Every structure is written in C-alpha cells, then in structure tokens.
Amino acid sequence: MQTRRLLAGVAVASAALLTACGSSSSTPTTATDSGGSSAPADKGTVRISGQNFTEAEIVADMYAAVLQKAGYTPSVHLVDTRDVYMKIVPDKIDVVPEYTGSIVEFLNGTYNGSTAKPITVSDPQATIDKAQPLLKKKGVTLLDPSPATDTNAFFVTKKYSDDNNVTTLSDLKGKSVTLAAAPDCKGRLDCEGGLSSAYGIHITKILGLGYASQATYDSVLKGESQLGETSTTDGTLESQGLVLLADDQHIQPAQNLVPMVSTQFLTAHPDVADPLNQLMAKLTTDDLTQLNAEVSVDRQKPEDVAQKWLSDAGLI
C-alpha cells in the first residue's frame with residue numbers, strides 16, 4: 001500500500017500539517033509500502049490525521065488501507081496531541097480516527113469552557129447524539145462507533161503496587177506522585193484534573209513525556225515518576241513489570257473508536273462512510289489489545305499488522 005506518511009512532533013506539527021496538507025500533490029516525507037495492490041486512485045486524496053501513539057498509528061493505517069481500496073489516495077499525517085490537528089480540522093484534514101468520549105469532551109471544552117459539565121454518557125451513540133450541536137459547529141461528523149473501546153488508564157510498577165498495597169487509583173488518595181503523561185494532561189478530567197479532584201491524588205509534577213510512550217514507561221521504571229499514563233488496551237505492561245490501577249471512581253468516559261470526518265468532505269464523498277463503518281463494526285477491544293502487543297512487544301510495523309488484520313477480516 002502506497003501511503004504518504006509524516007510523523008510530526010509538537011514543536012513542528014502544526015507547521016508540518018499546514019504545509020503538507022495544503023496540497024494533495026505535496027511530496028511525502030516517508031512512504032510506506034506493505035506490498036498490497038493499489039486500487040485506482042481516481043477519487044483524489046483523502047487527508048488522514050491523528051495522534052502518533054501505537055494504537056492510533058495502527059487504526060490510521062487501517063483507515064488508509066480501506067479507503068485506498070475504495071479508490072482514494074490516502075495521505076497520513078500524525079501528530080502528538082489532539083489540539084494540534086483540531087486547529088486545522090476540517091479545512092485541511094478529512095478523516096481522523098477518534099474516540100467518542102475524548103473528541104466530544106474536547107469540543108465541549110472548546111465551545112463551552114474548561115469547566116463545562118461533561119456530556120458523555122456510557123452509550124457511545126447516545127453520546128454522539130447529544131454532541132450534535134458541537135459537531136455541527138465544528139463542521140465534522142462522527143460515523144458509526146465501534147464496539148472496540150479504549151480508555152485512558154494509569155500504571156505503576158509492580159514493586160510500587162506491592163510495596164504500597166496499591167491496586168486502584170483510590171489507593172493513591174493523599175499520596176504525592178509525579179505523573180508521566182501526554183503533554184496536554186494538565187487540567188483534563190480524564191487525566192490530571194480527575195486524578196486530583198475525584199481521587200485526591202497530589203500531582204506534584206507532570207512530565208509531558210507522551211501517551212503510552214517508551215519515555216513514559218522508562219520514567220516510571222526508573223522511579224523518576226510514580227504514575228504513568230497509557231490505555232486499557234496496552235499490551236506491553238506485564239512484560240515490563242508494570243500494572244494498571246483500576247479506575248474505581250469511573251472518571252474515564254466511554255471511549256469507543258469512531259471515525260471523525262469533515263462534514264464538507266463527507267457530503268462531497270459519501271462513499272467514504274461505508275468502508276470505515278464496516279471496519280469499525282468488525283474491530284473489537286480484544287483485537288486492539290492484540291494488535292498493540294504485536295507492535296509494541298513483538299516489534300512489528302503498525303502498517304504490517306493493520307494489513308494482516310484487514311486481510312484476515314476480508315476488508316481488503
């Protein structure tokens with residue numbers, strides 16, 4: 001599969017996206033080739049963005065593959081945080097792999113303020129329905145949510161868990177910890193904000209080392225941080241001597257995977273919906289966990305595991 005891809009860091013991401021996505025004929029920084037056959041690219045370029053952690057890379061590669069089969073030329077540009085690509089959605093980005101709770105609450109905070117009451121509920125479609133005014137204001141459409149779900153989660157070393165009798169986030173109440181997490185963690189109700197207000201954890205410092213990144217794992221393993229941020233589908237923790245703490249106060253919203261599409265692009269290209277919806281319908285949480293492990297533990301390439309899963313599922 002010939003897919004134009006750029007992995008951009010926070011410092012250059014916005015500029016990179018603005019430059020690379022400004023024209024469908026831009027020269028790729030890195031090309032990936034999975035050896036698959038290419039559908040005729042007679043429907044033009046579809047510009048895909050998202051975050052550059054393992055799971056998002058895999059799902060972005062899945063999006064690219066099924067849309068290429070549908071006749072589009074995918075151009076994938078991944079960045080470190082949601083706020084980077086959301087600055088140029090929908091003008092310069094057509095499709096993004098998203099999570100229902102995260103994107104809805106991002107828009108809720110954007111338009112209603114950082115102290116806005118959460119609107120996410122446990123049912124993903126009900127969440128999407130409630131968010132329609134926000135989605136319309138932003139000019140995006142959420143397609144069918146997947147049964148596959150993945151929420152933010154927090155981990156400690158097994159030694160820390162055993163020594164301090166910590167198995168849930170509530171067990172950290174009153175404790176002072178350094179948190180290794182995504183750069184945009186501070187104040188978020190599903191990150192530092194919720195850990196502080198709902199759990200009473202004293203976050204003395206946030207190290208913005210990345211979501212489920214090796215730097216975050218290493219920081220906790222070295223004792224630089226006591227708590228790290230990852231996802232519930234992280235397949236690497238046990239092999240590293242790390243354990244998830246249960247979110248027993250349920251601060252994490254429903255986080256089903258869902259395609260976010262520029263409404264203008266969807267109106268012009270309604271046929272992008274079917275392949276994405278078919279993909280979402282077949283993907284499960286167990287699939288995500290296994291695919292993440294194949295990349296993070298077995299060191300396979302995201303595009304390779306994506307291609308194999310799609311082939312096995314009969315989607316390409």
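Relative to the Cα centre, what is the charge dipole magnitude of the range 152-245, using +1 at the beta carbon of each Lys and Arg, -1 at the beta carbon of each Asp and Glu, and rounding to the nearest 20 debye?
I would put it at about 240 debye.
How much of the DSSP bridge set in the range 152-245 is antiparallel, in percent, rounded to the nearest 5?
55
Which aspartates and glutamates does Lys69 reach when only Cα atoms under 19 Å apart count, and residues fewer than 8 places away in its own chain are ignored?
Once the sequence-local aspartates and glutamates are set aside, what remains near Lys69 is Asp33, Asp42, Glu57, Asp61, Asp94, Asp271, Asp274, Glu303, Asp304, Asp312.
Report, largest value first, the span of the C-alpha coordinates of the range 152-245 along each principal axis, in whole Å.
Dimensions of the range 152-245 along the principal axes of its Cα atoms: 31, 27, 23 Å.
Out of these labelled values of Rg/Rh (Cα atoms, Kirkwood Rh), (i) 1.07; (ii) 0.96; (iii) 1.00, which was calculated from the coordinates shown here?
(ii)
So how do Glu105, Glu98, Glu238 line up by other beta-carbon neighbours within 10 Å, fewest first?
Ranking Glu105, Glu98, Glu238 by Cβ neighbours within 10 Å, fewest first, gives Glu238, Glu105, Glu98.
For the chain, what is the mean residue ellipticity at 222 nm derived from helices alone (per DSSP H run of n ≥ 4: -39500 (n - 2.57); sum divided by total residues; nearest 500 deg cm²/dmol)?
It lands at -11000 deg cm²/dmol.
How many angstrom lie between the C-alpha centres of the range 76-147 and the range 285-306?
The distance from the Cα centre of the range 76-147 to that of the range 285-306 comes to 25 Å.
Looking at the range 189-285, which trypsin sites (Lys or Arg not before Pro) are in a loop (DSSP not H, G, I, E or B) and have at most 10 other Cβ atoms within 10 Å?
Lys222
I need Arg82, Arg47 ordered by Cβ neighbour count within 10 Å, fewest first.
Ascending number of Cβ neighbours within 10 Å: Arg82, Arg47.
Using the structure shown, select from Lys137/Lys308; Lys43/Lys87; Lys92/Lys136; Lys205/Lys301 the pairs with a Cα to Cα distance greater than 28 angstrom.
From Lys137/Lys308; Lys43/Lys87; Lys92/Lys136; Lys205/Lys301, over 28 Å: Lys137/Lys308; Lys205/Lys301.
Counting only DSSP beta bridges with both residues in the chain, tell me the antiparallel percent, nearest 5.
Antiparallel bridges: around 50 percent, rounded to the nearest 5.
What is the list of residues in the range 43-69 whose amide nitrogen lies under 17 Å from a point 7 angstrom out from the Cα of Ala273, following Cα to Cβ?
67
Any read-out appearing in this document is the output of simple, stated calculations on the displayed coordinates, not a laboratory observation. The shown structure was predicted, so the numbers you read here are calculated from the model rather than taken from an experiment. We place every Cβ from the backbone using ideal geometry, glycine too, and count neighbours over all the protein chains shown.
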